[in-house]
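Chemist: Before we start, here is the structure in question, set down as structure tokens.
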Amino acid sequence: MTTRTPVTEFFPPRFGRLFPAREVFGVYDKAGCSLHVHYGDSPAFVDGGRTAWDVIWEQRDRVFDIAHTHPHGPDTFSSIDENSMRAIATGLGRPVRFWVLSPRVSRLRVVHPCQEPQDADVLFDPGEDNEPMWAARLRWDSRMRSAPPTINLAKLLRRFLP
Ligand SMILES: [Zn+2]
């Protein structure tokens, strides 16, 4: 019996109706290697649940970045996200880097165990050079439509002025 390649392998996942956007959850080591990826069923919810926590715990020495997507926004963490993030950092007993990727921005927050967030979030434009290399893949897997680029007038002028 031959195994057929799923049709999704051939088509870009941007056909909204056939392949709707979904939340995706990923765990990465310092080199950017994926330790775990979990696909949600809806654009607003991904339940990594028990499996995700098991992976995080078993690979706790390697866990560096923990990310998920909000393919329809918002551009920041939800209150549920914040509770989960604090629980994970407390469980691991060390600061953890959390990311949320939306069409407009990639947001990084370092969460310390048993503490309210202290530092401001760091924001990256999607596709920016110093965004982690897994971010584009996570957006793609999430079937995220990119937001229209914001016009940076200063940058635009520099292109046309000597
Ligand atoms: Zn979220």
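The values are calculated or read from the model by the stated rules, or taken from the named source; none is laboratory data. All figures in this text were calculated on a predicted structure; none of them were measured in a lab. When we count neighbours, we look across all protein chains shown, and the Cβ atoms used for this are built from the backbone with ideal geometry, even at glycine.
Chemist: Give, as residue ranges, the strands (runs of 3 or more DSSP E) completely inside region 62-162 that count at least 2 residues that are away from the ligand (no atom under 16 Å from the Cβ) and more than 14 Å from PHE25 (Cα to Cα).
Modeler: Details: elements: 65-69, 96-101, 106-111, 122-124.
The qualifying strands (runs of 3 or more DSSP E) are 122-124.
Chemist: Any residue at all in region 52-65 that's modelled with pLDDT of 90 or more, crowded, with 19+ Cβ neighbours inside 10 Å and farther than 23 Å from MET144 by Cβ?
Modeler: Checking region 52-65: at least one residue is modelled with pLDDT of 90 or more, crowded, with 19+ Cβ neighbours inside 10 Å and farther than 23 Å from MET144 by Cβ.
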